[in-house]
Amino acid sequence: MMSNVAIKVENLSKVYTIGARREQYPTLRGALTSGFKQFMKLQAFRQIGNNSLKALDDVSFEVKHGDVLGIIGRNGAGKSTLLKLLSHITEPSQGRISLYGRVGSLLEVGTGFHPELTGRDNIYLNGAILGMRRAEIAKKFDEIVDFAEIDKLLDTPVKHYSSGMYVRLAFAVAAHMEPEILLIDEVLAVGDAEFQKKCLGKMGDVAQSGRTVLFVSHNMAAIERICNSAMILNKGKIVEVGNSVDQIIRSYLSNSISSEKPSWDNTGITFDSPYFSPIQLYLSDEQGNIKQSPIKNDDDDVWIRLIGNIERLDPALTIGFAIYAENHEMLFWSYQTDQAESLWPVLKIGTNELKCRLQPHLLNEGTYYVKLVGGLHNRAWIFAPSGNTPSFSFIVSGGLSNSPLWFSRRPGLLAPVLHWSLVTKN
Amino acid sequence: MLTPPNNTFTLPITVYEPSKGWLSLNLREVWNYRELLFFLTWRDIKVRYAQAALGISWAILQPLLTMVIFSVIFGNLAKLPSDGIPYPVFSYVALLPWQLFAGALQRAGTSLVGNANLLTKVYFPRLVIPFSAVLAGLVDFSLGFLVLSGLMLYYQVQLTWTALWLPFFVLLALLTALAVGLWLSALNVQYRDVQHAIPFIVQAWMYASPVAYSAGLVPSGWMRVVYGLNPLAGVIQGFRWALLGAAPPDELMLISVIMVFLLLASGLYYFKRMEKTFADVV
Ligand SMILES: Nc1ncnc2c1ncn2[C@@H]1O[C@H](COP(=O)(O)OP(=O)(O)O)[C@@H](O)[C@H]1O
């Protein structure tokens, strides 16, 4: 009976101390000068203090061998925390996890890649980091190179790779691990459509071969395609779990239509980038006042405003946003450098406030997500359009057209009002 | 291609629970991850030599130039006694283990924070990180050692069987760096100002070690006992004895060895105690 279970999670909780990370690191000097006693008190306070956060709250579930479980939930729901606990990166605060089989986890594409090392070196290094034996990597080496399509650049440092090649290589290494239990966090969000298809195919293979897969994604289409069960997490608790994947997805999507403010405000998170560190991302009018969601389709005063801090100027900085539909399919993305160079906003060291007008009659009625994307052109992502970059959602409703014949939602992601005329020949 | 997992009855079972009670060192697990240890060390070395155009020559020049400066200032101007050995060899023999130690300590001290992305994204025994930081210095050391051989030929220093003790003193230097590195790296995860203190610690430590001068200058009695609390005093004394036939190790060495073990035991304890919070805090 037990042999059928691959993962068993009982009453699992994880408590984080807020502020222990990111906001402000405590200094040893501070700890010493505020006196040893204070210090001890602080330590005690830290363990039980009320500025703690339950990222996972008494979660229990079981996954059977060969199941492919999709985990969905909003940002901050606890998805990554769950995978981190399962892969032993961090320790549970309470509860118990039993794993029956070897676990491999892919929480980030290209962990440990070093830009100065060649593709070949990085394959070995990354493989070792993911827990593969050297012999195992050597055996799979050709397959990996094949999958990544980088044979010509195998001995070039990866810093010269395009970002597409970089992700392909990174995914290729990870995809060739052969653990019985595979944990994957939102890796499909990076890379182009072609790459995503390839990855999905590979993950499909993994699933077919009877391995157990836990798969976190915002991509509902991918979840629907490869998972045979799904789980919704919200605020650290399981909301729904079961085998009717499409029904669970539908229930998630309908609940996630939010009446929240269409904005993302930095609440003390530091991003490790001197090139751009976001402070606020929101939907505004031209003056910068926050817009009420829902907005009307014909509203011609809708702007996306992005405020961020720049410590180091880099001419290759491209920063902007991506817009996703309700099913998390990307519609497009836009950077501040999209027009002719003479029209680019001139960024400066310090706080920059960028705005970008969203034209009316573009989006259909529905919920849309705006997500920060950006990077150093052709060099590196700072905010890859993957899991956890700042984002907000807003709703478009009404104002489709002045036409008496078009007043309700039509299918499709976009709803432009196009211009029609009769061709007259003379 | 992909093969189905083997018989589920034989699958290993792992259980994760909040840890409590006494810590176990679990060095066996570190051993299981030796390939990772190897690759991380290899990465550090490769990157260092690939990045600096001077790469290898830098590893050779650094101790050599320091030796020249020392010889001019301490040997020629200050005329520090050098146990009857030509001052250049006398100081170079000490600079080698010193730089091995200082480099290892600096790298190990910042190693956890420097590898934050690894700590938060994959599991492996965290000890691997400072271990590899310490080991990465051995290549520089070997290169420096080649130069030393040249110097010894030039000054016609006779090697004796005592040279066989050398690996022991190298180990002692590495263990000292590891012990202090464990403390500093774990502290640095909690308190980010620690890394700014490391260069200062290293500098002060050098003056407290008989690099430019002879350990014989320290009067015997309690002064010498205190002096021996610095394990590097023992290491350098050992190097000079093993290679140059200077004064043999005395009580100073014994104190140094005991000190290394105390430091190492406490460093390992502190590291293991803080280990489970690294990924959350770093
Ligand atoms: N290391 C950490 N320290 C403090 N809080 C954290 C840490 N990691 C995650 N959190 C918090 O825990 C909650 C769950 O985060 P996460 O598991 O990343 O969610 P998800 O992956 O679903 O977006 C969030 O509120 C997040 O801010």
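In segment A:101-118, is there at least one residue being assigned to a helix (DSSP H, G or I) and within 30 Å of B:VAL281 (Cα to Cα)? No, segment A:101-118 contains no residue that is assigned to a helix (DSSP H, G or I) and within 30 Å of B:VAL281 (Cα to Cα). Is it the case that A:GLY66 is within 13 Å of chain B (Cβ to nearest Cβ), under 20 Å from A:CYS227 (Cβ atoms) and surrounded by fewer than 22 Cβ atoms within 10 Å (Cβ to Cβ)? In short, yes.
One residue stands out in segment A:327-383 among those that are of a type in the set (Gly, Ala, Ser) and without any contact (Cβ under 8 Å) to a residue 24 or more places away in the chain: the one that is farthest from A:LYS296 (Cα to Cα), namely A:SER342.
With respect to the conditions (1) within 16 Å of the ligand (Cβ to nearest atom); (2) at pLDDT 75 or above, A:VAL103 lacks only one, and its number is (1). May I ask you to verify whether A:LEU125 is buried (at least 21 other Cβ atoms within 10 Å of the Cβ), within 16 Å of the ligand (Cβ to nearest atom) and either assigned by TED's automatic domain parsing to the domain that holds A:ARG102 or not in a loop (DSSP other than H, G, I, E, B) (or both)? Against the criterion (buried (at least 21 other Cβ atoms within 10 Å of the Cβ), within 16 Å of the ligand (Cβ to nearest atom) and either assigned by TED's automatic domain parsing to the domain that holds A:ARG102 or not in a loop (DSSP other than H, G, I, E, B) (or both)), A:LEU125 does not qualify.
Test B:VAL93 against the stated conditions and say whether it is crowded, with 19+ Cβ neighbours inside 10 Å and assigned to a helix (DSSP H, G or I). So B:VAL93 passes the test. Among the residues of segment B:212-250, the one identified as more than 23 Å from the chain's Cα centre (by Cα) and aromatic (Phe, Trp, Tyr) is B:TRP222. Checked against the criteria, A:PHE141 counts as modelled with pLDDT of 90 or more, in contact with a helix residue (DSSP H, G or I) (Cβ under 8 Å, 6 or more places away or on another chain) and more than 7 Å from every other protein chain (Cβ to nearest Cβ).
Is there a residue in segment A:391-401 that is within 14 Å of another protein chain (Cβ to nearest Cβ) and away from the ligand (no atom under 16 Å from the Cβ)?
no
The numbered conditions (1) touching a strand residue (DSSP E or B) at 6+ places or on another chain (Cβ under 9 Å); (2) away from the ligand (no atom under 12 Å from the Cβ); (3) within 10 Å of chain B (Cβ to nearest Cβ); (4) modelled with pLDDT of 65 or more are all true for A:GLY30 except (1).
Looking for whichever is more than 16 Å from the ligand (Cβ to nearest atom) and in contact with a strand residue (DSSP E or B) (Cβ under 7 Å, 6 or more places away or on another chain) here; the options are A:ALA207, A:ALA230, A:ALA221, A:ALA170. Which one fits?
Residue meeting the stated conditions: A:ALA207.
Tell me, please, whether a residue that is buried (at least 16 other Cβ atoms within 10 Å of the Cβ) and within 21 Å of B:LEU127 (Cβ to Cβ) can be found in segment B:231-253. Yes, segment B:231-253 has at least one match.
Those residues that are within 24 Å of the chain's Cα centre (by Cα) and of a type in the set (A, V, I, L, M), I need them from segment A:344-395; list them, please. Selection gives A:LEU354, A:LEU358, A:LEU363, A:VAL370, A:LEU372, A:VAL373, A:LEU376, A:ALA380, A:ILE382, A:ALA384, A:ILE395.
Inside segment B:72-127, residues that are within 16 Å of the ligand (Cβ to nearest atom) and either away from chain A (no Cβ under 14 Å) or aliphatic (A, V, I, L, M) (or both) make up a count of 6. Of all residues in segment B:258-267, none satisfies being surrounded by fewer than 23 Cβ atoms within 10 Å (Cβ to Cβ) and at pLDDT below 90. Restricting attention to segment A:262-298, the residues that are hydrophobic (A, V, I, L, M, F, W, C) and part of a strand (DSSP E or B) total 6. The requirement of being free of Cβ contacts under 8 Å to residues at least 12 places away in the same chain, under 17 Å from B:ALA94 (Cβ atoms) and not aliphatic (A, V, I, L, M) is fulfilled nowhere in segment B:168-180; no residue meets it.
Hey, could you check segment B:44-71 for residues that are away from every other protein chain (no Cβ under 14 Å) and among the aromatic types (Phe, Trp, Tyr) and say which is nearest to B:GLY234 (Cα to Cα)? Only one residue tops the list, namely B:PHE70. The set of residues in segment A:89-100 that are among the charged types (D, E, K, R) and either within 14 Å of the ligand (Cβ to nearest atom) or in a loop (DSSP other than H, G, I, E, B) (or both) contains only A:GLU91.
Only a single criterion out of (1) within 10 Å of chain B (Cβ to nearest Cβ); (2) within 12 Å of the ligand (Cβ to nearest atom); (3) modelled with pLDDT of 90 or more is not satisfied by A:ARG22, namely (3).
Determine whether A:PHE61 is aromatic (Phe, Trp, Tyr) and within 16 Å of the ligand (Cβ to nearest atom). Judged against the criteria, A:PHE61 is a match. Of all residue pairs spaced 6 or more apart or on separate chains, those with beta-carbon atoms under 9 Å, a first member in segment A:69-88 that is facing chain B (nearest Cβ under 10 Å) and near the ligand (Cβ under 6 Å from one of its atoms) and a second member that is outside any strand (DSSP E or B) and aliphatic (A, V, I, L, M) are A:SER80/A:LEU107.
Does segment B:182-199 include one or more residues that are in contact (Cβ under 8 Å) with a residue 24 or more places away in the chain, within 14 Å of chain A (Cβ to nearest Cβ) and under 22 Å from B:PHE141 (Cα atoms)? Yes. Just one of the listed residues (B:GLN156, B:GLN99, B:GLN106) is free of Cβ contacts under 8 Å to residues at least 60 places away in the same chain, crowded, with 19+ Cβ neighbours inside 10 Å and either closer than 29 Å to B:ALA78 by Cβ or acidic (Asp, Glu) (or both), namely B:GLN99.
Output the residue which, of all residues in segment B:109-149 that are β-branched (Val, Ile, Thr) and in contact (Cβ under 8 Å) with a residue 12 or more places away in the chain, is surrounded by the most Cβ atoms within 10 Å (Cβ to Cβ). Filtering first and then ranking leaves B:VAL134. For segment A:263-308, the set of residues classified as hydrophobic (A, V, I, L, M, F, W, C) and more than 16 Å from the ligand (Cβ to nearest atom) consists of A:PHE276, A:ILE279, A:LEU281, A:LEU283, A:ILE290, A:ILE295, A:VAL302, A:TRP303, A:ILE304, A:LEU306, A:ILE307, listed by residue number. Residue count for segment A:107-121 under the criterion of being more than 9 Å from chain B (Cβ to nearest Cβ) and closer than 25 Å to A:SER217 by Cβ: the result is 3.
The values are calculated or read from the model by the stated rules, or taken from the named source; none is laboratory data. This one's a predicted model, so the numbers in the text were calculated from it and none came from an experiment. We place every Cβ from the backbone using ideal geometry, glycine too, and count neighbours over all the protein chains shown.
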